[in-house]
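Novice: I have a structure here, written as structure tokens, and I will follow up with some questions on it.
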Amino acid sequence: MEKPTAVKAAATSTGYSYDKNGFKTVTQSHDVDVKQPDGSTKKESHKYTNTYNGKAVTLANAYSEGILSKQASLINQVLETELGQKPDNQDFYYSDNGLTVLPSQGGSVTLNVMFNTGNTVSINTTTQKSVESGKDAKGNPQYTTKTINHYYNYVDGKRVNLDQAVSNGPLKSVSNELMQIIKSNWKNKADYQDFYFNNSGINIVDQNAHTTTITAQFNNDKRVSLRTSLFYFDFKDNKFNTVQKTNNYNYNNGKRVQLSNAFSTGQFAKSQSLLNKTVASELKTSVGKLNKHQFSFTTNGVNIPTKGNDSVAVNILYNNQGKASFAGITTKYTTKKDAKGKDVTSTKTTNKYFNYRNNKVVSNAKMYSGSDAYATAQSALTKTIKKYKLQNKVYYSSNGVAAGAYALNVLYTSKPAQSISIVHTQLKTNSKKQLYVDQTNSYANYRNDKSVKLSNAFGAKGSYASANKIAYKVLGKSIKSGLSKKGFYFTKDGLVVASAKGQFLQLSVIYNGKSRKSFDIVSFKLKDKKFVPGAPKYYAYRGNTQVTLKSALKNPSYFGKLERGLRTTMLNNKSRYPYATSKTNVSKRAVIYTSRGLNVLFPAGSVAPKNAGLRVISLDNSWLK
């Protein structure tokens, strides 16, 4: 940062004016009474007239209103120190973020409010005065202009020195690390006592008027990155040359670290070895040479400056149970001349993903191969990745893989069947041009390594194949239209169908015999951000025909006898069926097939209290067709 320079009184020639944010200075010679340091009053000729929003102001109330009004008291304290008397009616003129005072004894005092955010304030003053430098050959005194810079820093209205500023200023959370940097760069305490605050740190002005800016780049999870930027003008070869030197300082748990051991402790410690391997690959160097590179921490990785403004960032995306993923992000800036000869800078960002299994690089097709719990889903994942054109863009997630706006989650996997959910998240603009997050869900289902639809979900072969047609028919009783287009996924005993927005149906195959089959369907609806299940519905089929208790019997004439027998069973067991009576309806009860026969189902609350749940009476096969 450029060191503030004084505005000399001589530079304020006739015609100077200032007019910003309500503050106005015009050149207008006039006489005023000014209090002197000894308390007396003297008439002086002023060059400037100053106003705020059209109202005349003096130096004493120059900032009592307006953008710096909260700091008016501090400004007056500083002016009093520099002038040797309280600000009163001295001649002055406004400038950006401050003013310049022209004392009657000559010279000038320029005040700049350099930082003013929250409880932190920095003020710089540049005082110029004429001092005797010697005598000429005739004994006449010779004078030169002496420039003196002072810095005034405040936290909560109290002036602070550097040690206090570090402990209480913008970088107080990293004060230990900051003091390590200061003491390693300036050996003598006198060399670093002049300073002022900036938005994310402090600027130190050494005795050579060189300014070093120290800012926090990252501070989280006991990881700290601080950057120092030394800036000054060097006069060489009859011209001023800009000198700028930057250094990064990184700390983990209070200790300074280099790139190769940046994550030696903390939540990412187990990722250090693979991180080094990935960073070396991106930088096209060896792991042994990593510490030659400067870096800074990011939320889940590191950022390494390369050439100019170019950089390489490596982020830790996943690392669990021998599976790890990293993203390498290379950013390059190119400047070219446009048709009008103007410099135009373009940015190119390249993303690359690195996936490891047991510390070895793996391809998309082998991310879950071998003995992994999701090994049976590998083929399904590979096919889905290819379908959505995500090759070489995916990385591990907790239950599948992800790729930018896509998440491919394994919902179900077994040897014959797999279900993958595809979640696509996008930022969109509504009719009011407001941004919102749009998330769509779809499903990819496979059986015996082939993609299946809802109508053939249970495949052409296998134990559930014969249930296809009937299961589809059962679902059609609840979903009246568009059934073939509904998304679904497998479960252990059946499947789940997304029936409508905020609703889904869960179908379970309760029994799957050669000719006898039973299903239940439970409807779930979203309520208060939770899916609440409805009462289950039961279906029993013999062949392709749905059966009732009566139609399931070998001889329909048995029904009357059976009905009486069921009532008698309940009446004789009042502890289990306390609500049963001689008129309890039996004929309309749902039934399901089992391997031993048929179960007659009495829903909760019908023959027993609701909290007792479903009550069942079983019939053996001797009663049935």
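Novice: Here are some conditions: (1) more than 47 Å from the chain's Cα centre (by Cα); (2) at pLDDT 95 or above; (3) more than 11 Å from LEU59 (Cα to Cα). PHE92 meets all but one. Which one does it not meet?
Specialist: Failing condition for PHE92: (3).
Novice: Now a separate question. Inside region 371-420, can you point out the residues that are within 17 Å of ASP449 (Cα to Cα) and hydroxyl-bearing (Ser, Thr, Tyr)?
Specialist: TYR374, THR376, SER379, THR382, THR384, TYR412, THR413, SER414, SER419 - these are the residues of region 371-420 that are within 17 Å of ASP449 (Cα to Cα) and hydroxyl-bearing (Ser, Thr, Tyr).
Novice: Would you confirm, using the coordinates I've provided, whether SER369 is surrounded by 13 or more Cβ atoms within 10 Å (Cβ to Cβ), modelled with pLDDT of 95 or more and either in contact with a Cys (Cβ under 9 Å, 6 or more places away or on another chain) or more than 16 Å from ALA402 (Cβ to Cβ) (or both)?
Specialist: Taking the combined requirement at face value, the residue does not satisfy it.
Novice: Just checking: which of the strands (runs of 3 or more DSSP E) contained wholly in region 235-342 hold 1 or more residues that are open to solvent by 70 Å² or more (accessible area, probe 1.4 Å) and either assigned by the TED database to the domain that holds SER184 or touching a strand residue (DSSP E or B) at 6+ places or on another chain (Cβ under 8 Å) (or both)? Can you show your working first?
Specialist: Numbers: elements: 239-252, 296-298, 301-305, 311-320, 323-337.
It comes to 239-252, 323-337.
Novice: Residue by residue through region 569-625, note down the ones that are closer than 28 Å to SER515 by Cβ, in a loop (DSSP other than H, G, I, E, B), open to solvent by 30 Å² or more (accessible area, probe 1.4 Å) and not polar (S, T, N, Q).
Specialist: LYS588, ARG589, ARG596, PRO603, LEU614, LYS625
Novice: Tell me, which residue of region 27-76 that is among the hydroxyl-bearing types (Ser, Thr, Tyr) and in a helix (DSSP H, G or I) is farthest from VAL109 (Cα to Cα)? Give the derivation first.
Specialist: Taking region 27-76 first, the residues among the hydroxyl-bearing types (Ser, Thr, Tyr) are 27, 29, 40-41, 45, 48-49, 51-52, 58, 63-64, 69, 73.
Subset that is in a helix (DSSP H, G or I): 69, 73.
On the way: SER69: 20, SER73: 17 Å.
The qualifying residue farthest from VAL109 (Cα to Cα) is SER69.
Novice: Among the listed residues LEU74, LEU68, LEU79, LEU83, identify the single one that is in contact with a Leu (Cβ under 7 Å, 6 or more places away or on another chain) and either at pLDDT 90 or above or open to solvent by 50 Å² or more (accessible area, probe 1.4 Å) (or both). Please lay out each step first, then the result.
Specialist: On the way: LEU74 fails: in contact with a Leu (Cβ under 7 Å, 6 or more places away or on another chain); LEU68 fails: in contact with a Leu (Cβ under 7 Å, 6 or more places away or on another chain); LEU83 fails: in contact with a Leu (Cβ under 7 Å, 6 or more places away or on another chain).
Of LEU74, LEU68, LEU79, LEU83, the one residue that is in contact with a Leu (Cβ under 7 Å, 6 or more places away or on another chain) and either at pLDDT 90 or above or open to solvent by 50 Å² or more (accessible area, probe 1.4 Å) (or both) is LEU79.
Novice: For residues that are part of a strand (DSSP E or B) and in contact (Cβ under 8 Å) with a residue 24 or more places away in the chain, scanning just region 343-361, find the one that is farthest from SER281 (Cα to Cα).
Specialist: First, the residues of region 343-361 that are part of a strand (DSSP E or B): 343-357, 360-361.
Then keep just the ones that are in contact (Cβ under 8 Å) with a residue 24 or more places away in the chain; that gives 351-357.
On the way: ASN351: 13, LYS352: 11, TYR353: 11, PHE354: 10, ASN355: 13, TYR356: 14, ARG357: 17 Å.
The extreme case among them is ARG357.
Novice: Still on this model: Test each condition in (1) within 25 Å of LEU275 (Cα to Cα); (2) modelled with pLDDT of 95 or more; (3) open to solvent by 30 Å² or more (accessible area, probe 1.4 Å) for THR382 and report the one that comes out false.
Specialist: (1)
Novice: Mind checking which residues of region 53-62 are closer than 18 Å to SER95 by Cβ and without any contact (Cβ under 8 Å) to a residue 24 or more places away in the chain?
Specialist: Correct list: VAL57, ASN61.
Novice: Return the only residue of GLN418, GLN391 being touching a residue at least 12 places away in the same chain (Cβ under 8 Å) and part of a loop (DSSP other than H, G, I, E, B). Write out each step before concluding.
Specialist: Numbers: GLN418 fails: part of a loop (DSSP other than H, G, I, E, B).
Being touching a residue at least 12 places away in the same chain (Cβ under 8 Å) and part of a loop (DSSP other than H, G, I, E, B) holds for just one of GLN418, GLN391, which is GLN391.
Novice: Residues in region 475-511 that are within 14 Å of PRO536 (Cβ to Cβ), among the aliphatic types (A, V, I, L, M) and in contact with a Ser or Thr (Cβ under 6 Å, 6 or more places away or on another chain): how many?
Specialist: The qualifying residues number 2.
Novice: Oh, and also: Is at least one residue of region 520-531 basic (Lys, Arg), in a strand (DSSP E or B) and touching a residue at least 12 places away in the same chain (Cβ under 8 Å)?
Specialist: Of region 520-531, the ones basic (Lys, Arg) are 525, 527, 529-530.
Keeping just the survivors that are in a strand (DSSP E or B) gives 525, 527, 530.
Now restrict to residues that are touching a residue at least 12 places away in the same chain (Cβ under 8 Å): 525.
Among the residues of region 520-531, at least one is basic (Lys, Arg), in a strand (DSSP E or B) and touching a residue at least 12 places away in the same chain (Cβ under 8 Å), which makes the answer yes.
The values are calculated or read from the model by the stated rules, or taken from the named source; none is laboratory data. Predicted, not measured: the structure shown is a model, and the values here were computed from it. Virtual Cβ from ideal backbone geometry, glycine too; neighbours counted across all protein chains shown. Surface accessibility is based on the protein's heavy atoms, side chains included, excluding ligands, DNA and RNA. Shrake-Rupley method; radii C 1.70, N 1.55, O 1.52, S 1.80 Å.
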